[in-house]
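Each reported figure results from applying straightforward, stated rules to the coordinates on display, with no laboratory input. Remember, predicted model here, so these are calculated numbers, not experimental data. With ideal geometry, Cβ positions are generated from the backbone for all residues, glycine too; neighbour counts draw on all protein chains shown.
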Amino acid sequence: MQILGIDVGGSGIKGAPVDIKTGELLEERIRIKTPKQGEPEPIAEVARQIAQSFNWKGPIGIGFPAPIKGGVTMMAANVSEKWVGMNADALFSMITGCECTLINDADAAGLAEMTFGAGRGQPGTVIMITLGTGIGTAIFHRGQLLPNTEFGHLEIDGLDAEYRSSALARERDKLSWKKYAKRFNKYLKTMENLFWPDLFIVGGGISKDSQKFLPLLTIETPVVPAQLLNGAGIVGAALGALRK
Ligand code: BGC
């Protein structure tokens, strides 16, 4: 079965048709800049353009940076406030003309990694952490997802964790990899003390540079990069459409 996966990020919106049996992208992905202000209609319009460029008529799964309950976007940290309380499944479906199902972006990436990547066959507690404009989290136990966890907003030293430790924070504060690893280590240490997981998987665009900072971490729990790298968001978004 094929589903179009779309990953809505703070800087880009990416999409490609996915073979959900194998987790493969069936065509080269398309990336379009996220419209400034991150408002609903302009973002849905980009999804329509992506669907149109693949001449897509089937189901679409969309990873979105907010907790999603029954198709409704519940919160907005890095997108417009206008999303709060909106039936986003209905909006995307109306604008694209295809049946759209939203899922939190980190939950999507986590599902992809648990099914096809670094978390495959992991029996214990696995925490997927995506580093991008924000920090996304997805928690799995025995392969089951606890959806919509928002531990990127954990308060550490009086600040939202993602403000200090996201990939954007590294660029904004012009941190060396060593300094960034120190901040990220503190975040992981806090998560480790709260959840005692068996594995952390680190994803997001920064995962392609994982060799520059993961070896500098000093926590007990094993930390591995996402195997699907940035593709996890698209593949997982497609898998999310099956969970409706
Ligand atoms: C949002 C999460 C999202 C994460 C990664 C956070 O700011 O609240 O829902 O998963 O960013 O995009």
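The table that follows gives values for the structure above.
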quantity: Span per principal axis, largest first, for the Cα atoms of the chain (Å); calculated: 48, 37, 30
quantity: Nearest-ten-degree value, helix 105-116 long axis tilted from longest Cα axis of the chain; calculated: 80 degrees
quantity: Sorted by Cβ neighbour density within 10 Å, fewest at the top, the residues Leu131, Leu91, Leu216, Leu111; calculated: Leu216, Leu91, Leu131, Leu111
quantity: Net +/- balance of residues flanking Ile20 in space, Cβ distance below 14 Å, scoring K and R +1, D and E -1; calculated: +1
quantity: Scattering profile of the stretch 1-87 at q = 0.13, 0.18 Å⁻¹ [log10 I(q)/I(0), Debye over alpha-carbon scatterers]; calculated: -0.42, -0.77
quantity: Cα-based helix-to-principal-axis angle, 177-195 vs the chain, degrees rounded to 10; calculated: 90 degrees
quantity: GNM top mover of Gly117, Gly233, Gly204 - the chain, alpha-carbon springs below 10 Å; calculated: Gly117
quantity: Rg/Rh for the stretch 120-228, where both radii come from Cα atoms and Rh is the Kirkwood radius; calculated: 0.93
quantity: Sorted by Cβ neighbour density within 10 Å, fewest at the top, the residues Leu228, Leu102, Leu154; calculated: Leu154, Leu228, Leu102
quantity: With Cα atoms, 0 to 90° folded angle of helix 40-53 axis to the chain main axis; calculated: 70 degrees
quantity: For the stretch 55-98 versus the stretch 196-242, the gap between their alpha-carbon centres in whole angstrom; calculated: 24 Å
